[in-house]
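Read through the structure below, which is laid out as structure tokens, and then see the notes.
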Amino acid sequence: MAEYSAFSLLANALKGNKDWKPAWRKPDPKASYDVIIIGGGGHGLATAYYLAKEHGITNVAVLEKGWLGSGNVGRNTTAVRSNYLLPANTRFYEHSMKLWEDLSHDLNYNVMFSQRGCLNLAHTPAQFDDYARRGNAMRHLGVDAELMTPAEIKRLIPALDMSNTARFPVLGGLMQRRAGTARHDAVAWGYARGADRRGVDIVENCEVTGFLRDGDRITGVTTSRGDIRAKKVAVTVAGSTGRVMQLAGIETMPIESHVLQAFVTESLKPFIDTVVTFGMGHFYMSQSDKGGLVYGGDIDGYNSYAQRGNLPIVDEVMSEMLALFPGLARVRMLRSWGGVCDMSMDGSPIITTGPLPGMYLNCGWCYGGFKATPASGWCFAWTIAKDQPHEFNAPFTLDRFHRGHVIDDKGQGANPRLH
Amino acid sequence: MLITCPYCGPRDVIEFTYQGDANRERPNPASQNLDAWNAYVYDRLNPAGDHNEFWQHSGGCRSHLRVIRNTLTHEISSVAFARGDHASTSRRKAEGKS
Ligand SMILES: Cc1cc2nc3c(=O)[nH]c(=O)nc-3n(C[C@H](O)[C@H](O)[C@H](O)COP(=O)(O)OP(=O)(O)OC[C@H]3O[C@@H](n4cnc5c(N)ncnc54)[C@H](O)[C@@H]3O)c2cc1C
Ligand SMILES: [Zn+2]
């Protein structure tokens, strides 16, 4: 039932594009479901899609307090990569990369996945060695990685300041060619349509306000649109994890909410055709298909639920951009915005059964969870369907902190604002 | 965002370094209670609203401060020297965790 095909595009174009059907229904919530997923972001929608597609579980509702895509799935800077150091992360994110590579085809929805590469710049010999180590670790697990010399980098990104007088001269870099970007809204819409067509109810403007319980067991939720019962309740609310878990009586989590800002410039002619990251601070940039430069840097650095940022980071990000690309000094910034990230204590996600019976939890994505969307949904669906993790997400339990099995790719310790 | 240092007066947030959640209760250094140490290191209240936190006026008088700041609005309702202070106001319930 391919809905987008050369033929359907042509036929609809000739009829004035009046016959397109809505991509998903707007059902009222039923009284009960097999599975309720709280949070209609990328991860919740992907979970619903894979529950239906891989496990045949279709009596499912996704409850979203706002509209689809109003959370981080529609606020991120769209970078997709699997260039991690630790095996647990590399395996998980590489599984995601493989799903990305077939996603537009699988969903029959163009998510504009573009493998334009992701280059991490090194500015000190130690950093270059560190990237060589990371690249080797990746290649051991079958992931592509290559070191680049300054001459190669200069050819790839002519606008970069490669001079010796740069504030932090570029000594080389680590490139993952299969990395790139994807159209983030299309990812949410494609998964939503795929889940809807398989029978999943996607209920927007439905805020979960509490949990129904039978003793310790979670048996449903209370919402702004009434009580809804379910055999299984899955939580995928990204930056709202702390708040929603408090509704279940769980007061503390290995999570802090922090705001991350992003920026986009006015449209330019083709300027850069890869994703590039700065090694001496925190800055990364790519160019959207519309022409705007999309970029960002550090989180604001203190707990925040405000979906907007403060000026010091704006200032810092701009100066880092100019350290790399002096030629952008007079380009105008078009928009900036913020999203609330659930920063975990080791920088890695949590995809787990529990913490209460009947509940399943997916959180801790920090500011890197967009790239994980397919694998997150795929692994979470597996965990919900089978009441146990798949081997790809088995290391990402909630109790890993207390067992001492943290997955700290950057070696920053239990300090969420540094991950 | 402005933080009013009790010593220096109102200053821009860029003069300060965030030192995180001030609700956590540090166990006695001699304690061998692993659950208490784990909770201290990893578990956070993370409220949407008033948050009890440490900041240092690192670009000024270098005092360590205890600040109550609203995480939704960034409104600051109290700033005090952290000296002599201990996390006795902690509201945590780590013991009840599963
Ligand atoms: C500025 C920015 C840039 C980023 N850049 C990148 C990047 O380049 N690459 C990358 O990999 N990652 C990036 N990320 C991180 C990535 O966007 C997130 O980790 C990921 O999108 C989180 O998963 P999600 O899509 O499901 O979250 P969301 O889209 O936030 O979904 C959670 C949903 O839950 C809903 N919700 C919350 N509470 C309730 C409730 N009580 N009832 C019902 N619904 C509720 C919310 O409304 C929201 O829609 C970035 C994040 C930000 C903020
Ligand atoms: Zn001071």
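What is the sum of charges around A:Glu64, taking Lys and Arg as +1, Asp and Glu as -1, for the other residues whose C-beta is under 9 Å from the C-beta of A:Glu64?
My count for the surroundings of A:Glu64 gives -1.
Express the carbon and sulfur contribution to the solvent-accessible surface of the stretch A:263-393 as a percent, rounded to the nearest whole number, probe 1.4 angstrom.
Details: 2380 of 4570 Å².
For the stretch A:263-393, the apolar C and S fraction of the accessible surface comes to 52 percent.
Using mean Cβ contacts within 10 Å as the protection proxy, how do B:50-62, A:334-346 order, highest first?
Numbers: B:50-62: 17.2, A:334-346: 21.8.
Most protected by this proxy first, the peptides run A:334-346, B:50-62.
Around A:Gly309, which amide H atoms from residues at least 5 apart in sequence, or from another chain, sit under 5 Å from its own amide H, with H modelled in the peptide plane?
A:Gly338
Report the charge-dipole magnitude of the protein assembly as shown in Debye, nearest 20, computed about the Cα centre from +1 at each Lys and Arg Cβ and -1 at each Asp and Glu Cβ.
Around 660 debye, computed over the protein assembly as shown.
Using modelled backbone amide H atoms (1.01 Å from N, in-plane), which distant-in-sequence or interchain residues come within less than 5 Å of A:Val406's amide H?
Amide H neighbours of A:Val406, under 5 Å, 5+ apart: none.
By residue number, which cysteines of the protein assembly as shown lack any other Cys whose Cβ falls under 4.7 Å from their Cβ?
Taking the Cβ cut-off of 4.7 Å, the unpaired cysteines of the protein assembly as shown are A:Cys118, A:Cys206, A:Cys341, A:Cys363, A:Cys366, A:Cys379, B:Cys61.
Roughly how many Å² is the accessible area per residue of the stretch A:223-294, as a whole number, for a 1.4 Å probe?
35
Mind listing the phi-derived Karplus ³J(HN,Hα) values for the stretch A:79-95, rounded to whole Hz, using 6.51, -1.76 and 1.60 with θ = phi - 60°, and x for any glycine or proline?
With coefficients 6.51, -1.76 and 1.60, one gets 6, 10, 7, 9, 9, 9, 9, 7, x, 4, 5, 4, 4, 5, 6, 6, 4 Hz.
How large is log10 of I(q)/I(0) for the stretch A:313-408 at q = 0.12 Å⁻¹ when the intensity is taken from the Debye formula with one equal scatterer per alpha-carbon?
So the normalised log intensities are -0.54.
Show me, for the stretch A:306-321, the HN-Hα J-couplings you get by feeding each phi into the Karplus relation (A = 6.51, B = -1.76, C = 1.60, θ = phi - 60°), rounded to Hz, glycine and proline as x.
My calculation for the stretch A:306-321 gives 7, 7, 7, x, 10, 5, x, 6, 4, 4, 5, 4, 4, 5, 5, 4 Hz in order.
Placing +1 on the Cβ of each Lys and Arg and -1 on the Cβ of each Asp and Glu in the protein assembly as shown, which of A:Ser319, B:Trp37, A:Asn72 has its Cα farthest towards the positive end of the resulting dipole?
Selected residue: A:Asn72.
If DNA, RNA and ligands are ignored and the probe is 1.4 Å, what is the ranking of A:Glu94, A:Glu101 by accessible area, most exposed first? All intermediate terms of the calculation are to be shown ahead of the outcome.
Numbers: A:Glu94 10, A:Glu101 80 Å².
Ranked from most to least accessible, the order is A:Glu101, A:Glu94.
Using the alpha carbons of the protein assembly as shown, what is the convex hull volume per residue in cubic angstrom, as a whole number?
168
Where the Cα atoms of the stretch A:203-295 are projected onto their three principal axes, how long is each span, largest first, in whole Å?
59, 31, 18
Once the other residues with Cβ under 14 Å from the Cβ of A:Asp185 are scored (Lys, Arg +1; Asp, Glu -1), what is the net sum?
Working: positive: A:Arg75, A:Arg183, A:Arg193, A:Lys290; negative: A:Asp289.
In short, +3.
How large is ³J(HN,Hα), in whole Hz, for each residue of the stretch A:230-239 in order, when computed from phi with the Karplus curve 6.51 cos²θ - 1.76 cosθ + 1.60 and θ = phi - 60°, using x for Gly and Pro?
After applying 6.51 cos²θ - 1.76 cosθ + 1.60, I find 7, 5, 9, 10, 10, 10, 9, 10, 6, x Hz.
At q = 0.14, 0.26 Å⁻¹, work out log10 I(q)/I(0) for the stretch A:51-132 with the Debye formula, treating every Cα as an identical point scatterer and leaving solvent out; two decimals please.
Here log10 of I(q) over I(0) equals -0.76, -1.31.
For the stretch A:69-208, what relative contact order do you get, as a whole percent, if you take Cα pairs closer than 8 Å and at least 6 residues apart?
RCO, the stretch A:69-208: 36 percent.
Using modelled amide H (1.01 Å from N, peptide plane; none on Pro or chain starts), what sits under 5 Å from the amide H of A:Ile57, excluding residues fewer than 5 places away?
Amide H to amide H, under 5 Å and 5 or more residues apart or across chains, A:Ile57 pairs with A:Ala52.
Report relative contact order for the stretch A:187-244 in percent, whole number only (criteria: Cα-Cα under 8 Å, sequence separation at least 6).
Numbers: 54 pairs, mean separation 11.6, N = 58.
Result for the stretch A:187-244 is 20 percent.
Rank these residues by their accessible area, most exposed first, probe 1.4 Å: A:Glu251, A:Glu391.
A:Glu391, A:Glu251
Considering chain A as a Gaussian network with a 10 Å cut-off on Cα pairs, which listed residue, A:Gly239, A:Gly190, A:Gly292, attains the greatest mean-square fluctuation?
Taking springs between Cα atoms under 10 Å, the residue moving most is A:Gly292.
Which net charge results when you count Lys and Arg as +1 and Asp and Glu as -1 among the other residues whose beta-carbon is under 12 Å from that of A:Tyr367? Before the final figure, lay out each step's value.
Values: positive: A:Arg75, A:Lys371, A:Arg417; negative: A:Asp298, A:Asp300, A:Asp342.
Local net charge: 0.
Mind grabbing the interface size between B and A? I mean buried accessible area, both sides, 1.4 Å probe, in Å² to the nearest hundred.
The buried area between B and A, both sides summed, comes to about 2500 Å².
Quick check: Cα centre of the stretch A:349-397 to Cα centre of the stretch A:109-181, how many Å?
Each part reduced to its Cα centre gives a spacing of 30 Å.
Just want to confirm a number: the relative contact order over chain A, from Cα pairs under 8 angstrom separated by 6+ residues, in percent.
Values: 951 pairs, mean separation 91.0, N = 419.
This gives 22 percent for chain A.
Order A:Trp67, A:Trp20, most accessible first, counting only protein heavy atoms with a 1.4 angstrom probe. It would help to have the intermediate numbers written out before the result.
Working: A:Trp67 160, A:Trp20 90 Å².
So, going from the largest accessible area down, we get A:Trp67, A:Trp20.
The values are calculated or read from the model by the stated rules, or taken from the named source; none is laboratory data. These figures come from a predicted structure and were not determined experimentally. Glycine gets a Cβ as well: all are built from the backbone with ideal geometry, and neighbour counts include every protein chain shown. Only protein heavy atoms, including side chains, enter the accessible area calculation; ligands, DNA and RNA are left aside. Shrake-Rupley method; radii C 1.70, N 1.55, O 1.52, S 1.80 Å.
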